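Asker: Got a structure for you, written out below as structure tokens; questions coming shortly.
Just so it is clear, none of the values below were taken in a lab; they were calculated from the coordinates. This structure is a prediction, so every number in the text was calculated from the model and none was measured. Note: ideal-geometry Cβ built from the backbone for every residue, glycine included; neighbour counts use all protein chains shown.
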Amino acid sequence: MLKDTQAAEVTPDRDGEEVTLAGWVHEIRDLGGIKFLLLRDRSGIVQITCPRQKVPEEVFEKVPKLKKESVIRVRGTVQANEQAPGGVEVIPEELEVLSESETHLPLDPTGKVDADLDTRLDARVLDLRREEPRAVFRIRDVVTTAIREFLEDRGFIEVHTPKIIASATEGGTELFPVVYFEQDAYLAQSPQLYKQMLMAAGFERVYEIGPIFRAEEHNTRRHLNEAISVDIEMSFIESEEDVMRVLEELLAHVFRRVTEECEEELKTLDVELPELETPFERLTYEETLDLLSEHGVEVEWGEDLPTEAERKLGEIFDEPIFITEWPRETRPFYTMAKDDEVTRAFDLMYQGLELASGAQREHRYEILVNQIKEQGLNPDDFKHYLEAFKYGMPPHGGWGLGLERTLMTITGMENIREVTLFPRDRKRLHP
RNA sequence: GCCCCGGCGGUGUAGCCCGGUCUAUCAUCCGGGCCUGUCGAGCCCGGGACCCGGGUUCAAAUCCCGGCCGGGGCGCCA
């Protein structure tokens with residue numbers, strides 16, 4: 001390796017040790033006879049101090065000529081010093097430029113001058129060198145790790161379903177067409193039908209953390225055309241309650257893990273995570289409409305909740321809530337009906353955002369075929385899916401949780417693009 | 001797709017309402033100089049911009065029209 005020590009590993013107790021560091025030139029402060037160079041790597045920032053008397057002349061001359069954000073490598077000696085930030089600095093013996101940066105950076109990675117989100121996304125690589133975006137993506141990593149940890153513990157196995165699918169769809173959202181040899185194909189809007197097929201395959205508990213693609217021309221701060229969905233599907237449930245419990249416990253676990261492991265990152269973002277208390281409050285769709293009405297928001301029975309209603313719920317409840325018993329007309333064909341009017345479907349709402357939705361699914365072949373017809377779809381288009389229901393399909397259910405939206409609630413980011421490395425929206429396809 | 005607001009150096013901005021005095025403000029930045037303890041270093045000198053097209057006018061960063069782009073809201077979104 002080109003280095004043996006990370007910036008954050010340079011601590012006062014290593015006084016006198018020789019270290020080799022490598023990273024980016026964060027800042028240079030040239031005071032004439034003494035020059036300070038801040039070296040940044042993934043772990044943090046360390047000060048390289050160059051007093052004229054103590055460093056080789058060649059190194060001393062090189063420092064003021066360094067460009068900000070160039071990649072350098074420094075060999076030197078650790079020196080505990082109360083005058084230095086963190087009480088420690090490195091006196092260099094050798095300094096090598098591995099890659100020189102151009103001047104006039106598209107934005108300021110030290111964060112002294114703000115940049116608009118659009119400017120930041122255009123120069124995302126430079127933007128990701130900043131502290132806040134790094135905190136966001138370290139949290140994102142802890143979140144997905146915590147999700148895997150939680151689900152694996154409960155016997156779920158991770159699966160990967162196809163992202164290129166044939167023309168037959170669940171209806172609803174628009175799909176992106178792709179060129180697939182001589183056939184019509186689309187990018188998958190959800191792993192729904194495949195994870196159900198895996199229930200028929202006898203896997204009983206599966207999860208997938210993968211991309212979903214939606215060709216809607218939406219233009220909001222909480223929608224992306226490519227997003228990551230955390231999906232589970234689970235067999236032998238008695239009712240949707242069984243999968244709702246997995247969801248609430250999972251979310252509480254994720255919040256706990258982030259609180260434990262991301263103290264620094266949360267501080268950087270200036271957020272404090274609540275401890276989520278389970279079980280979450282449950283309201284039926286009908287109760288929700290009544291409650292909204294009391295708060296001056298009228299929604300007609302059978303309608304999905306408009307944005308205003310979602311936000312109002314976010315104001316009324318501090319904690320996540322489940323909305324259950326959605327009307328049949330608001331839900332897709334594979335949802336199990338509870339009676340003539342409502343289904344066994346639920347949504348998870350938090351901070352005015354729909355984080356997840358799920359349901360017990362219809363596992364009975366005849367009823368399922370009828371529901372496909374009722375929604376104006378053609379059962380022939382679902383031949384391979386329906387096959388799965390003919391040879392023994394357990395009662396089952398599951399949900400899909402939007403990873404980015406979950407991250408918005410954790411990091412406090414108000415634009416979903418902030419929690420996505422390279423977001424894809426109506427206008428943005430680069431970088 | 002609709003509504004509101006906006007687009008000025010590399011970045012973030014002041015100026016626009018009420019056209020001229022704008023050879024356009026401030027910070028950061030970039031280049032040069034001074035400085036041996038900076039930590040948003042300081043000081044001195046220099047550099048760099050009015051989104052595009054059309055119109056009104058003696059005169060447009062400023063007013064009008066169109067386009068493109070962006071922000072927010074809404075719609076759309078199993």
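Asker: Given the options A:Ala356, A:Ala80, A:Ala146, which has the most mean-square fluctuation in a GNM of chain A, springs set between C-alpha atoms less than 10 angstrom apart?
Answerer: Comparing A:Ala356, A:Ala80, A:Ala146 in a Gaussian network model of chain A, the most mobile one is A:Ala80.
Asker: Going through the cross-link list A:Lys163/A:Lys427; A:Lys3/A:Lys65; A:Lys312/A:Lys390, which pairs have a Cα-Cα distance over 32 Å in this structure? Kindly include the intermediate steps, with their values, before the conclusion.
Answerer: Working: A:Lys163/A:Lys427 22 Å; A:Lys3/A:Lys65 22 Å; A:Lys312/A:Lys390 44 Å.
Flagged as over cut-off: A:Lys312/A:Lys390.
Asker: List the pair-distance distribution P(r) of segment A:314-429, using every Cα-Cα distance, as the percent of pairs falling in each 5 Å bin from 0 up to the bin containing the longest distance, rounded to whole percents.
Answerer: Answer for segment A:314-429: a P(r) of 2, 10, 16, 16, 15, 13, 12, 11, 5, 0 percent.
Asker: Using θ = phi - 60° and the Karplus relation 6.51 cos²θ - 1.76 cosθ + 1.60, list the HN-Hα couplings for segment A:79-84 in order, rounded to whole Hz, with x at every Gly or Pro.
Answerer: Running phi through 6.51 cos²θ - 1.76 cosθ + 1.60 with θ = phi - 60° gives 9, 5, 7, 5, 6, 8 Hz.
Asker: Determine, for A:Arg417, A:Arg29, the number of other Cβ atoms within 10 Å of each Cβ, and report the residues in order from fewest to most.
Answerer: Details: A:Arg417 21, A:Arg29 13.
Ordered by Cβ neighbours within 10 Å, fewest first: A:Arg29, A:Arg417.
Asker: Something else about it: Mind sorting A:Asp41, A:Asp15 by how few other Cβ atoms lie within 10 Å of their own Cβ, fewest first? Please report the intermediate quantities before stating the final value.
Answerer: Details: A:Asp41 19, A:Asp15 13.
Listing A:Asp41, A:Asp15 from fewest to most nearby Cβ atoms yields A:Asp15, A:Asp41.
Asker: Hey, what do the phi angles of segment A:398-415 turn into as Karplus ³J(HN,Hα) couplings, whole Hz, using 6.51/-1.76/1.60 and θ = phi - 60°, x for Gly and Pro?
Answerer: Along segment A:398-415, the couplings run x, 7, x, 10, x, 5, 5, 5, 4, 5, 4, 5, 7, 8, x, 6, 9, 10 Hz.
Asker: Right, something else. Quick one: of A:Lys338/A:Lys383; A:Lys68/A:Lys112; A:Lys195/A:Lys338, which pairs are farther than 18 Å apart, Cα to Cα? Don't skip to the answer; put the middle values down first.
Answerer: Numbers: A:Lys338/A:Lys383 25 Å; A:Lys68/A:Lys112 14 Å; A:Lys195/A:Lys338 22 Å.
Beyond 18 Å between Cα atoms: A:Lys338/A:Lys383; A:Lys195/A:Lys338.
Asker: Treating only the Cβ atoms of Lys and Arg (+1) and Asp and Glu (-1) as charged, compute the dipole magnitude of chain A about its Cα centre; round to the nearest 20 debye.
Answerer: Values: 52 positive and 90 negative charges, 358 e Å.
Around 1720 debye, computed over chain A.
Asker: Return the calculated 222 nm mean residue ellipticity for chain A, to the nearest 500 deg cm²/dmol, obtained by summing -39500 (n - 2.57) across DSSP H runs with n ≥ 4 and dividing by the residue count. Walk me through the numbers on the way to the answer.
Answerer: On the way: 12 runs with 121 residues, N = 431.
When only DSSP H runs of four or more count, the value is -8500 deg cm²/dmol.
Asker: Right, something else. Kirkwood Rh over Cα pairs of chain A into Stokes-Einstein at 25 °C, 0.890 mPa s: D in µm²/s? Can you show the working numbers first?
Answerer: Numbers: Rh = 24.8 Å.
It comes out at roughly 99 µm²/s.
Asker: Another question about this same structure. Positive end of the charge dipole of segment A:68-157 (Lys, Arg +1 and Asp, Glu -1 on Cβ, about the Cα centre): tell me which of A:Ser101, A:Leu151, A:Ala123 has its Cα farthest that way.
Answerer: Projecting each Cα onto the dipole axis, the largest value belongs to A:Leu151.
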